[in-house]
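Please read the structure below before turning to the comments.
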Amino acid sequence: MNIAPRPFFTSAALFNFAIALPLMFATPWMGEVLNLQLNPSGQMFLRLIAAVAIAFGWAYWMIGVDPVRYRPYLVLGGVLKVVLGCFFYGAWLTGIIGWQLPVLVTGDFVYAALFLHYYLQSAAPVTSQQSTLNRGSNHVLELTFIFSPARAWRRNCTGTDVAWLCKRSFRVLTTHA
């Protein structure tokens, strides 16, 4: 199954906004709808969670605009969705909250699985030609998948190459002529 990034991540962003904006701006009403007993501290923490969800919604929107540039946010977003989902399911299983909020965050588990699928699907294979450094006059590093010295090490780059990689500003090119 191939996932088209723009509509998929736009839908992920809209999902976050649809849940987080009412939690942020209509917290007492959402507390009633979700069967939450909110004191002022509870409202503050719910708004904090909503703010994080809005920030990640923006990140998902940006992934939809440029999936190559914002690719690192995929893993972070997927992990956050799973952690928050487990947090709310744990609260439900221990009887702290009702069933309504865990039903809402079930969508987070679905999106987390689809994020992982897209992440694995969109990984470009690295060939031996791509895994060498091209130090052109404009100092552009033509690699597909090296984002850190640790990955550079696994791709058989030398220590000098890693030092050069860390000192120079570079961009990752995804297409090679």
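Taking the range 34-50, which residues are aliphatic (A, V, I, L, M), more than 20 Å from residue 86 (Cβ to Cβ) and in contact with a helix residue (DSSP H, G or I) (Cβ under 7 Å, 6 or more places away or on another chain)? If you could, list the steps in order and put the result at the bottom.
Just the residues of the range 34-50 that are aliphatic (A, V, I, L, M), to begin with: 34, 36, 38, 44, 46, 48-50.
Next cut, more than 20 Å from residue 86 (Cβ to Cβ) only: 38, 44.
38 - this is the single residue of the range 34-50 that is aliphatic (A, V, I, L, M), more than 20 Å from residue 86 (Cβ to Cβ) and in contact with a helix residue (DSSP H, G or I) (Cβ under 7 Å, 6 or more places away or on another chain).
Taking residue 9, is it under 17 Å from residue 102 (Cα atoms) and at pLDDT 90 or above? No: the conditions fail for residue 9.
Could you say which residue among 80, 23 is within 22 Å of residue 92 (Cβ to Cβ) and either among the hydroxyl-bearing types (Ser, Thr, Tyr) or more than 16 Å from the chain's Cα centre (by Cα) (or both)? Walk me through it before giving the result.
Numbers: 80 fails: either among the hydroxyl-bearing types (Ser, Thr, Tyr) or more than 16 Å from the chain's Cα centre (by Cα) (or both).
So the residue among 80, 23 that is within 22 Å of residue 92 (Cβ to Cβ) and either among the hydroxyl-bearing types (Ser, Thr, Tyr) or more than 16 Å from the chain's Cα centre (by Cα) (or both) is 23.
Scan the range 65-81 for residues that are within 21 Å of residue 105 (Cα to Cα), touching a residue at least 24 places away in the same chain (Cβ under 8 Å) and either touching a Lys or Arg at 6+ places or on another chain (Cβ under 7 Å) or not hydrophobic (A, V, I, L, M, F, W, C) (or both) and jot them down. Result: 77, 78, 81. Kindly check whether there is at least one residue in the range 37-55 that is at pLDDT below 90, outside any helix (DSSP H, G or I) and hydrophobic (A, V, I, L, M, F, W, C). There is at least one residue in the range 37-55 that is at pLDDT below 90, outside any helix (DSSP H, G or I) and hydrophobic (A, V, I, L, M, F, W, C).
Considering only residues in the range 12-36 that are outside any loop (DSSP other than H, G, I, E, B) and polar (S, T, N, Q), the one that is modelled with the highest pLDDT turns out to be 16. Counted as qualifying within the range 69-163 are the helices (runs of 4 or more DSSP H) with 2 or more residues that are surrounded by 13 or more Cβ atoms within 10 Å (Cβ to Cβ) and at pLDDT 50 or above, namely 72-93, 100-121.
The values are calculated or read from the model by the stated rules, or taken from the named source; none is laboratory data. Computed from a predicted model, the values in this text were never measured in an experiment. Because the Cβ atoms are built from the backbone with ideal geometry, glycine has one as well, and the counts that use them run over all protein chains shown.
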